[in-house]
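Visitor: One structure follows; several queries about it will come next.
A short reminder: the numbers here are calculations on the coordinates, not readings from a lab. Note that the coordinates shown come from a computational prediction; the quantities given were computed from them, not determined experimentally. Virtual Cβ from ideal backbone geometry, glycine too; neighbours counted across all protein chains shown.
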Amino acid sequence: MNPVRPITIAITAMGGQGGGVLAGWIIALAEAEGYIAQSTSVPGVAQRTGATIYYVELFAKVSAQKAGQDPVLTLTPIPGDVDIVIASEMMEAGRALLRGFVTAKTTLIASDHRVFAISEKEPMGDGRQNPEHVRKLARATAGQFISFDMEQTANDAHSIISSVLFGALAGSGKLPFPRKAFENTIKASNKAVEANLRGFGMGFDKAASYDVPSQKPQEVKITPAPLIAPLLQRLHDEFPKAVHDTLVHGLKRCVDFQDVRYGALYLDRMAAIHELDQVNNGKDKKWHLTRDLGRYLALKMSFEDTIRVADLKTRSSRLARLRNDVAAKKDQIVSVTEFMHPRIEELCDVLPAPLGRYLSRHEKLKAGLGQFFKKGRRVETTSLRGFLFLSVLAALKPLRRLSLRYSIETGRIESWLNAITNAAPVNYALACEIAGLQRLIKGYGDTHERGLRNYTTIMAALETFQAKPDAHKYLKKLKDAALLDEDGLALQKAVQHLQKRRTS
Amino acid sequence: MAERSFDAEVQKLKVGAGETFHGEGILAVTKALLQAGVSYVGGYQGAPISHLMDVLSDAEPILNDLGVHFETSANEAAAAAMLAASVNYPLRGAVTWKSTVGTNVASDALASVASSGVMGGALIIVGEDYGEGSSIMQERSHPFAMKSQIWLLDPRPNLTSITQAVENGFALSEASHTPVMLELRIRACHVSGSFVAKDNVRPVFTLADAMENPVRDYGRVVLPPSNFVHEVEKIENRWPAAVSFIKKHKLNEFLGGHGGDVGIIVQGGLYNTLMRAMELAGLADVFGRTEIPIYCLNVTYPMIPDEVRGFCADKRAVLMVEEGQPEYIEQALNTILCQADLATKVVGKEVLPRAGEYTGQVLLDGLRQFFTAHAPGQVTTNTNAALSSKDQKKLAKTVPLRPVGFCTGCPERPVFTAMKLVQKELGDFHVSCDIGCHLFSILPPFNIGNTTMGYGLGWSGASAFNTKATKRTISIMGDGGFWHNGLTSGVGNAVFNKNDNILVIIDNGYSAATGGQDLLSSRANNETRVTGQPIERAVRGLGVSWVRPVNTYDLGKMKATLKEALSTDEKGPKIIIAQSECMLNRQRREKPLQNAAIKNGERIVRTRFGVDPDTCTGDHACIRLSGCPSLTIVDNPDPLREDPITRVNNDCVGCGVCGEIAHAAILCPSFYSAQLIENPSLWDRLRAGIRGAVIGFLQRRADKARAKYSFGGEA
């Protein structure tokens, strides 16, 4: 048999990600360098964000002339027979592995960034898949594995990912063409030549000198303000070292939310929990309860009321971050409009508790005032009017303790802490699970209400099984079910299932 | 204006004799049509032949020079009926569409033209949308050829063979007075390559010649008694004529060697895949040189009994490589061998799968089985091992599926967001879908839709539900499907039958899913077509009185209109026309203009959206109501929170749906829109200066107050 074989290249990409551009460059490059080149693809609906494969075969003309015959080039990659796989995203590299395209003979060039699938973005919690699994298998399977965040590289170069991938392909040294030939291909395309050459160059360098990057966290010297120092001192004195990090974050959040006194309240509440933890041998469990609660209590105490939102929206740090997020250039003027939809409930929340409570119960009055809250509001934060309006709301912060929302949240926190305190001596793990229920309650408006509803359902169900030794397992099941769908159907089913088991 | 412009590529169509043509398969077919002296071309777009229509459309000046008429047909039936021009006159014509869906639509006219028979060559180019990447039911075009007795070509997938097949197709059609179907698989349509060109030929007998000197022959009309005569003609004259032409001109190829007592029969379109599989199995080299005899069917219907008998006579077993099912060729093969009393064993679906695309791996596995059983010791194995099955299973759970979805900023998205919100309030509805981008509504995150019955059939798909009930049904139809046939089969049908339900017509100005081609109702100016015919006028003309055009990006109004349609006491069909231009086309048109304007120093305001990471709590309700690709998730920067938060990436085109959703669904205050002013005016600068001074002052004061609470290091 003739040992001369075509070079086979599979580009696995998502529709609209420039796989076609890359395939076109490779074809043009190969033809210019005296190769017979063939590419195929499957356009159609796959182009609309689906996963798709471009397949390229290259064959030296010299070899064809020697044989006096053209090669028969094929149209689909065959598992075990792909020389180069170029994946424009990490999970697409995973898909190439899955389809058997990556073997010991393969050079795998993969961008180490993620474009999340809808199934990963949609869940109410964290639905992301772990790319480390793909990296590990890629390292173990591919003959050569070149991988870095090529999207970031493309952004740094103000170019497109195709040019970085093309550079990485050149840098891999797997194609028998000189760097110059690659660059000439980009030049001949006559489109964004400068930017593409920049991206190409950065891709080339990174691929040619590819090494596994290491990251070391940087130590930061901390000098707290005089008002804060005593709080931190107390934290260090009263709590075990293992939970310091979490508690510092929690404390910081509470102070930022309200004031120093509120921070002290956080520490008071944590101290009670820590004592409970100590009594129940928490030390053997690495202070699980204290650590979990340090996180969840801080989040619960810093609830998202109108004052908080207005405060966050008007900070100086926000505008700087925002300019970066929207990729604004230095000389561009950026104006910002918020999309807010305060309901009558949010008005009640900020009113002094008795007044708020009166209004929220007075249906007629509520309906009358509700007229003004039917529509969403656009607030231009960068205008004087908008900024002042939000600033006034933010300035209500010192009065927050009088508000209806504060009083409601305090009640919720206390009954939650009670439930934890009651559970801990009997079932430590259950106490931790109850603490974790905070994760269900997030967001605003309907989202927040849905979370509360789920929380209440679970706490009611808990009463029926809390005496069981594996109550914590049941609770975890219910929590997971609550995160499955918005309408609470899975949770409802799970609760019914539990009750059936109990009665039978 | 189509999604992809072929203005540069079409210049290649002018390449003359002896020159080498480089390009895509579909462009090569166009060139071959011109070389064959075609007089008229029609068709309906759809992958994988959309580009053929786009190329022809962009090539109209060249076509006009050659006196070729090109028409974007209203649907495939209209395209097939166009072939009637070849019945009475020596005119060569070609039509094209996506198969089998297009062939389904076309088959009425196809059967008629096949019965009448043709004088001029009639070529039907079908893009066989089968296997990976296909978006339609998995069927074959083969039986359409069989039932109407149309000859079916399936050439080897290289540009020389494909262009030769076009030329042969016309000649075969004329020699046998029968239309000829040329089947091109998805990848063949998009394969790049080269072939040696010939000069374009101007038809000798023109369309005008026919119009000015009409010829009539009752014997060619499908009416009794001619229809009976046609059937006899097919059997007694046309079929034998085709068989002898195919034999004489060697349209099928005997490739490979002459050794051994086993052989392979393969559909031409699968030849390249087969040869690579054989090479990997150690049975051939990369040039296709092999000892194994191969009978390559470039014509898969009709079969040529003489050739089959000759090939099989000295063989114990033959492998039949035939993709798809039912296995018509294998059955025909068995019949021929049986009638000839030949004992050659035909092995086909016994070792190859009944369903699915025949990829290299599939054929490799089939070859191994066949040779192990019938010619052992010939196959070698030297492929590299991939993942272990354990690793593969585990990895399959990690790698997420990527269902197709609406593009960034797509105007169809808010229609389904509105429907999802309405369903949340009023409960689920029966939703009948159509064909087009809007069909993505059945996928996450919308999960809206019960059935899809075919292009333009969205409303007729729900026509049974025309009875008294407490809920109405909602049907969807795109502007593409509307003009394809939905105007009559959906709207006319509903008016006539006193339907009381709802139709939402997605009017984005293009046949978007097939590549953004213009339609009757397109708002864009098109020099070669008539556009600007509003859908609203069409449906009112049919007698619908409840018609509401709504801008799709106005989510609140869309929601209110849907609710009104669902609850109104007014009887009769209710039509909501959801209007906004396809964002892909809009960006393609506007982006270059905008960039040029910015370069010229003009003041341009660009809008894009963002999410504040410190107010976003990571519930992702916005994603569940939108699914915009630019709406993604990132690690929560807050060390206390665990769930990832939403982020708007730089692909955002500022369509505004995020903000509308935040308002309509009362979601959260995290969304903001940022207006970026390029080349700000003096007034802009002045205003920004004043604002900056005041806001800056207040912010500095707040920063100072906050500094009292600093933890230091601000990590």
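Visitor: Would you tell me the mean number of C-beta atoms belonging to other protein chains that fall within 10 Å of each C-beta in A:440-446, as a whole number?
Guide: Taking the mean over all residues of the peptide, I get 6.
Visitor: Loop-only chymotrypsin sites (Phe, Trp or Tyr not before Pro) in region A:382-414, please: DSSP not H, G, I, E or B, and at most 12 other Cβ atoms within 10 Å.
Guide: Loop-located and lightly packed - none at all.
Visitor: If you keep only loop residues by DSSP, which trypsin sites (Lys or Arg not before Pro) in region B:330-365 have at most 16 other Cβ atoms within 10 Å of their Cβ?
Guide: When the trypsin sites (Lys or Arg not before Pro) of region B:330-365 are filtered for loop state and at most 16 Cβ neighbours within 10 Å, B:K349, B:R354 remain.
Visitor: Suppose R0 equals 56 Å; then what is the FRET efficiency for B:E527 and A:E449 from their Cβ-Cβ distance, rounded to the nearest 0.05?
Guide: 0.50
Visitor: Once R0 is set to 51 Å, what does the formula 1/(1 + (r/R0)^6) return for the Cβ-Cβ distance between B:T20 and A:E132, expressed as a FRET efficiency to the nearest 0.05?
Guide: 0.55
Visitor: Could you tell me which of rounded, prolate or oblate describes region B:249-315, using a ≥ b ≥ c as the square roots of the eigenvalues of the alpha-carbon gyration tensor, with rounded for a/c under 1.5 and, failing that, prolate when a/b is larger than b/c and oblate otherwise?
Guide: oblate
Visitor: Placing unit charges on C-beta atoms (Lys and Arg positive, Asp and Glu negative, everything else neutral), compute the dipole magnitude of chain B about its Cα centre in debye, rounded to 20.
Guide: Using Cβ point charges on Lys, Arg, Asp and Glu, chain B gives about 2100 debye.
Visitor: Can you tell me how much longer the chain between B:D703 and B:V229 gets when fully stretched, taken as 0.36 nm per residue apart minus their C-alpha distance, in nm with one decimal?
Guide: Result for the pair: 161.1 nm of gain on full extension.
Visitor: Using the Cα centre of the protein assembly as shown as origin and beta-carbon charges of +1 (Lys, Arg) and -1 (Asp, Glu), tell me which of B:I677, A:I109, B:F416 is placed farthest towards the positive end of the dipole.
Guide: B:I677
Visitor: Once amide H atoms are built 1.01 Å from N in the peptide plane, which residues 5 or more positions from B:G356, or in another chain, come under 5 Å H to H?
Guide: When sequence neighbours closer than 5 places are left aside, the close amide H contacts are B:G324.
Visitor: Next question. Residues with amide H under 5 Å of B:V118's amide H, sequence separation 5 or more or different chain, H placed in the peptide plane at 1.01 Å from N; which?
Guide: For B:V118, the qualifying residues are B:T178.
Visitor: Considering amide H positions built from the backbone, and no H for Pro or chain starts, which residues 5 or more places from A:V42, or on another chain, come under 5 Å of its amide H?
Guide: A:I53
Visitor: State whether region B:617-712 is rounded, prolate or oblate according to the following rule on the C-alpha gyration tensor (a ≥ b ≥ c being the square roots of its eigenvalues): a/c under 1.5 gives rounded; otherwise a/b larger than b/c gives prolate, and the remaining case gives oblate.
Guide: Taking the square roots of the gyration eigenvalues as a ≥ b ≥ c, region B:617-712 is oblate.
Visitor: I've got another one for you. Select from B:V491, B:I575, B:N227 the residue farthest towards the positive end of the dipole of chain B; place +1 on Cβ of Lys and Arg, -1 on Cβ of Asp and Glu, and compute about the Cα centre.
Guide: Farthest towards the positive end: B:I575.
Visitor: Just how far, in whole angstrom, is region B:577-645 from region B:61-82 if you go by their alpha carbon centroids?
Guide: Result: 41 Å between the Cα centres.
Visitor: Which order do the peptides B:265-274, B:308-317, B:111-120 take when ranked by the mean count of other beta-carbon atoms within 10 Å per residue, highest first?
Guide: Listed from highest to lowest mean packing, they are B:265-274, B:111-120, B:308-317.
Visitor: Quickly rank B:675-683, A:118-126 as a protection proxy: mean count of other C-beta atoms within 10 Å, highest first.
Guide: Packing proxy ranking, top to bottom: A:118-126, B:675-683.
Visitor: Tell me, what HN-Hα J-couplings in whole Hz come from the Karplus equation 6.51 cos²θ - 1.76 cosθ + 1.60 at θ = phi - 60° for each residue of region B:75-80, using x for Gly and Pro?
Guide: Once rounded to whole Hz, the list reads 6, 5, 5, 5, 5, 4.
Visitor: What list of ³J(HN,Hα) couplings, whole Hz, do you get for region B:186-201 from phi and the Karplus terms 6.51, -1.76, 1.60, once you set θ to phi - 60° and write x for glycine and proline?
Guide: 3, 5, 5, 4, 10, 6, 9, x, 8, 8, 7, 7, 10, 6, 5, 10
Visitor: Report the antiparallel proportion of the DSSP beta bridges in the protein assembly as shown as a percent, rounded to a multiple of 5.
Guide: So the antiparallel bridges amount to about 40 percent of the total.
Visitor: Inside 10 Å of the C-beta atoms of A:87-97, what's the mean count of C-beta atoms belonging to other chains?
Guide: Whole-number average of other-chain Cβ neighbours for A:87-97 is 3.
Visitor: So which GluC sites (Glu not before Pro) in region B:236-297 end up in coil per DSSP with only 13 or fewer other C-beta atoms within 10 Å?
Guide: B:E291
Visitor: Summarise the partner chain shielding of A:373-380 as one whole number: the mean count of Cβ atoms from other chains within 10 Å of each residue's Cβ.
Guide: Average neighbour count from other chains, rounded to a whole number: 3.
Visitor: What is the packing order of peptides B:518-525, B:86-93, A:322-329, taking the mean over residues of other C-beta atoms within 10 Å and listing the highest first?
Guide: Highest mean packing first, the order is B:86-93, B:518-525, A:322-329.
Visitor: Just from its helices, what would the mean residue ellipticity at 222 nm be for chain B, if runs of 4 or more DSSP H residues each count -39500 (n - 2.57) and the sum is divided by every residue, rounded to the nearest 500 deg cm²/dmol?
Guide: The helix contribution divided over chain B gives -10500 deg cm²/dmol.
Visitor: If eta is 0.692 mPa s and T is 37 °C, what Stokes-Einstein diffusion coefficient results for region B:277-349, Kirkwood Rh from Cα pairs, in µm²/s?
Guide: It comes out at roughly 247 µm²/s.
Visitor: So if I place +1 on the C-beta of Lys and Arg and -1 on the C-beta of Asp and Glu, and nothing else carries charge, what would the dipole magnitude of region A:321-366 be about its Cα centre? I want it in debye, nearest 20.
Guide: 20 debye
Visitor: A further question on this structure: Return the whole-Å distance between the Cα centroid of region A:91-163 and the Cα centroid of region A:434-478.
Guide: Computed from Cα coordinates, the inter-centre distance equals 36 Å.
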